[in-house]
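One structure is given below, encoded as structure tokens.
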Amino acid sequence: MICERPQPRPEYDTIVVGAGPAGAMAAYGAVERGPVLLVEASALPRDKSCGGMLNEYAQEFLARIAPLPRSMVLDPAHVNFRYVDWDRSIRKPTGLRFLNVDRGEFDDWLLSFLPDDVEILGATQLIGFTQDADGVTVTLKRDGVEYAVSCNNLVGADGARSAVRRALGEGSVSTYVTLQDFCVLGGELEPYFDCIYMRDVGDSYAYSYVVPKGDVAIVGSVFYPKTKRPHLKQDLTMTMLRESFPQLGDTVKREASVALSVRSPGDVIPGRGRVLLVGEAGGFMSPTSGEGISYAMNTGRTAGEAIATSAPAEALDAYARATRHIGANIHRKLKWLPFMESSWGKYLAGFVPTPVVSRITEGL
Ligand SMILES: Cc1cc2nc3c(=O)[nH]c(=O)nc-3n(C[C@H](O)[C@H](O)[C@H](O)COP(=O)(O)OP(=O)(O)OC[C@H]3O[C@@H](n4cnc5c(N)ncnc54)[C@H](O)[C@@H]3O)c2cc1C
């Protein structure tokens, strides 16, 4: 429930920073031990730039919580991942199947599960914190006023540019630049989540994707960190894509964002002391496919359970143990990155058998 309270109380059992899927699930579990404050820097409901594709692991996770309301599923409800080598006109469908949701409604729905013992404060930012053997003191800013609030455990669920992670001295993970155009659909698109490699856009370009979403299509592009003038490059990809997809009408909205670019095993950090890092804040995301929702929900829920079942000083150890296999899965995927990003890897991808694609993407 979104809180009408104008300011936080002085003390909670757990404070969770960030109201994405990782933060929502962490609060959901942690409240079993005591009152939780969930703070979100944006006004709620928040608007997260995303493709809104739920992979099989996200779907399995949700099946254990509650059936997804049909109203948030967009048309076509399911899309299969298809690899497209633009220059050689290769379209290679795979068996990877996604549920196609409205991301804003999905995030809001996750928050609706939180009981009254979780206070949710939108437009409230974590500024910093200190921790010692007795607990954590968090500084929050709301309506220009700063508040010191104490807790037994702090959960950093604050995404790719996590302030909690930086304050722990764990550095930050580099980020891709992402742009998404929402285009009016002038005709039906095939039910695929097309991932498109084009050689003419330049070295800073990773790939584009096209996916139908009800009355519109999302056309996204991912650029390597520190790309200059990404808007111009997105204009170029839009022009090229429209030649092959005449169904793509005018762009009604363009959004720019960042996505985590996990490059090494050291990018994955479960936290330190009484502070737990979940979702993208902890580096939990697929380095090979950019899928993060399943990782966020799973690590958030695991952190919440660790807090609910452990003494505050032991919650991090319990969480780190329970997420070791997720870290190992990310390490395994990282080994594929140099191949996937090389020009010969992109060339060979058109010939890679479907079971190998499944192997590269398998796990959370
Ligand atoms: C363009 C794009 C497309 C994507 N498409 C997909 C997809 O189709 N499928 C998929 O599985 N994944 C996708 N992802 C990845 C996915 O969106 C993320 O991995 C997922 O949202 C991570 O969840 P999270 O809870 O860790 O963080 P987030 O969802 O990023 O939430 C973090 C929250 O913390 C808040 N916050 C940050 N700093 C503070 C602070 N100091 N104080 C308070 N609050 C703070 C932010 O406002 C934000 O709301 C995509 C990402 C991008 C950028």
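Values quoted throughout were computed directly from the atomic coordinates according to the rules given, and no laboratory measurement underlies them. The structure presented is a predicted model; accordingly, all values stated were derived computationally and were not measured. As a convention, Cβ positions derive from the backbone with ideal geometry for all residues, glycine included, and neighbour counts pool all protein chains shown.
Between the range 183-240 and the range 65-90, how many Å separate their Cα centres?
Their Cα centres are 15 Å away from one another.
Can you tell me the order of 325-335, 269-279 when each peptide is scored by its average per-residue count of other Cβ atoms within 10 angstrom, highest first? Show your work: numbers first, answer last.
Numbers: 325-335: 16.6, 269-279: 25.2.
Descending mean neighbour count gives 269-279, 325-335.
Below 15 Å, Cα to Cα, which aspartates and glutamates can residue 333 reach? Residues fewer than 8 away in the same chain don't count.
Straight-distance partners of residue 333: 267, 291, 341, 362.
Please tell me which of these pairs span more than 30 angstrom C-alpha to C-alpha: 48/228; 48/141; 141/228?
On the way: 48/228 23 Å; 48/141 21 Å; 141/228 33 Å.
Violating the 30 Å limit, Cα to Cα: 141/228.
Once both axes come from the Cα atoms, what is the angle between helix 230-244 and the longest principal axis of the chain, in degrees from 0 to 90, rounded to 10?
Taking Cα atoms only, the helix is inclined about 40 degrees.
Using only C-alpha atoms and all pairs of different ones, pull out the Kirkwood radius for the range 181-249 in Å with one decimal. Could the numbers behind the result be given before it?
Values: mean 1/r = 0.0811 Å⁻¹.
For the range 181-249, the Kirkwood estimate is 12.3 Å.
Would you kindly compute the Cα radius of gyration of the chain and its largest Cα-Cα separation (Dmax), both in Å?
20.6, 62
Per-residue counts of other Cβ atoms within 10 Å, averaged by peptide: what ranking do you get for 254-267, 21-34, highest first? Mind dumping the intermediate values first?
On the way: 254-267: 16.9, 21-34: 26.6.
For the peptides 254-267, 21-34, the packing ranking is 21-34, 254-267.
Per-residue counts of other Cβ atoms within 10 Å, averaged by peptide: what ranking do you get for 65-75, 188-198, highest first? Before the final figure, lay out the partial values.
Numbers: 65-75: 13.2, 188-198: 19.1.
Result, highest mean Cβ count within 10 Å first: 188-198, 65-75.
By how many degrees, between 0 and 90 and to the nearest 10, does the Cα long axis of helix 21-30 differ from the longest principal axis of the chain?
30
Rounded to whole Å and sorted largest first, list the principal axis extents of the Cα atoms in the range 128-261.
Per principal axis, max minus min of the Cα coordinates gives 61, 32, 27 Å.
For residue 92, list the lysines whose Cα falls under 16 Å from its own Cα; do not include residues on the same chain fewer than 8 positions away.
346
Sort out for me the Cα centre separation of the range 102-176 from the range 17-36, rounded to whole Å.
Each part's Cα centre sits 10 Å from the other's.
In a Debye calculation with equal point scatterers on the alpha-carbon sites of the range 164-210 and no solvent, what is log10 I(q)/I(0) at q = 0.13, 0.22, 0.25 Å⁻¹?
-0.55, -0.93, -1.04
Under the classification rounded if a/c is under 1.5, otherwise prolate if a/b is larger than b/c and oblate if not, where does the range 230-364 fall, given a ≥ b ≥ c as square roots of the Cα gyration tensor eigenvalues?
prolate
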